[in-house]
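Just below is one structure, and these are the notes that go with it.
The values are calculated or read from the model by the stated rules, or taken from the named source; none is laboratory data. This one's a predicted model, so the numbers in the text were calculated from it and none came from an experiment. Virtual Cβ from ideal backbone geometry, glycine too; neighbours counted across all protein chains shown.
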Amino acid sequence: MIIVRLKGGLGNQMFQYALGRVLALKSKTDLKLDISFFNLKLRNITKRSYDLDVFNIKAGVINKNKVVTYVFSVLKKIMKTPGQERGFNFDPKMLSLGPNAYLDGYFQSYKYFSDFKDIIKKDFTLKNISIPVQNLAEEISSENALCIHVRRGDYVGNALHDVIDKDYYKKGIEYIRSRISLDKIYVFSDDINWCKDNLSFKFPTMFVEDGYMGLKGEGHMFLMSQCKNFIIANSSFSWWSAWLSDYESKIVVCPKQWFGDASKNTGDLIPEEWKKI
């Protein structure tokens with residue numbers, strides 16, 4: 001059995017699930033999700049919840065007591081488990097784990113699941129899509145639409161993740177429009193009112209309201225993935241929105257500096273075909 005300890009928001013949980021799913025497929029065993037982290041009371045960490053239940057994933061939640069028993073029985077003699085993430089970059093050794101493993105980390109690299117791309121995309125289809133979201137998705141997919149994602153919320157004043165400045169979006173639009181024609185811009189954000197007050201573009205623009213968000217933000221992610229071009233924030237949420245897009249000729253612009261610490265190597269996070277600005 002493969003067990004993944006989930007933590008962080010929706011995008012982070014998707015990275016963690018993706019590696020667990022790959023290991024379960026390779027080992028032909030079950031995948032279980034440990035969600036006990038969301039019950040912890042931690043300082044200076046944004047309170048999150050288990051979010052993957054909006055998707056058609058192939059995993060169940062494991063009882064907390066079973067997690068303790070499993071980890072102790074399998075790994076009791078090891079100070080640091082083989083499934084413990086040791087650094088931010090892709091670790092090919094992780095893909096050799098199984099059929100019994102307990103994963104604890106963020107595992108933010110497409111390289112963990114690049115050979116299982118179609119399966120992961122299918123797992124991350126939504127169980128339910130509201131009528132308003134369906135209607136807007138049809139509109140977006142019929143246009144040469146550009147998704148702009150602005151992440152603020154807990155990023156404001158956060159030393160780990162800087163808020164991307166307006167100049168980045170301006171440069172991103174210039175890069176994309178030099179290559180293709182744009183019909184409309186769709187702006188998504190966890191602070192859409194700030195975007196309305198501070199962002200303006202020389203294209204028809206829709207600031208997508210919170211009413212399209214869904215229970216866990218999945219409505220926004222689905223709508224973003226229907227766009228053909230992307231200017232994403234330094235956010236795993238918008239990373240997944242761009243990656244899930246099936247449009248073969250998509251242009252994805254992403255921040256060159258993903259973290260506040262510029263020395264952190266994100267070479268295994270950003271696909272080679274994406275444009276860093």
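Points to keep in mind about this one:
- With respect to the stated conditions, residue 130 fails to be among the small types (Gly, Ala, Ser) and either under 23 Å from residue 12 (Cβ atoms) or modelled with pLDDT under 95 (or both).
- Residues in the range 72-100 that are more than 20 Å from residue 268 (Cβ to Cβ), out of contact with any Phe, Trp or Tyr (no Cβ under 9 Å at 6 or more places or on another chain) and modelled with pLDDT of 90 or more: 99 alone.
- Residue within the range 202-213 that is buried (at least 17 other Cβ atoms within 10 Å of the Cβ) and of a type in the set (Gly, Ala, Ser) present: no
- Scanning the range 141-167 for residues that are touching a helix residue (DSSP H, G or I) at 6+ places or on another chain (Cβ under 9 Å), over 14 Å from residue 200 (Cα atoms) and modelled with pLDDT under 95 gives 151, 152, 161, 162, 163, 164.
- Qualifying positions in the range 226-242 - under 20 Å from residue 184 (Cα atoms) and either of a type in the set (Lys, Arg) or surrounded by fewer than 23 Cβ atoms within 10 Å (Cβ to Cβ) (or both): 228
- Restricting the first member to the range 195-208 and to residues that are assigned by TED's automatic domain parsing to the domain that holds residue 166, and the second to residues that are assigned to a strand (DSSP E or B) and of a type in the set (S, T, N, Q), the beta-carbon pairs closer than 6 Å and six or more apart or on different chains are 195/189.
- Scope the range 102-118; condition surrounded by 18 or more Cβ atoms within 10 Å (Cβ to Cβ) and touching a helix residue (DSSP H, G or I) at 6+ places or on another chain (Cβ under 6 Å); matching residues: 102, 103, 107, 108, 112, 113
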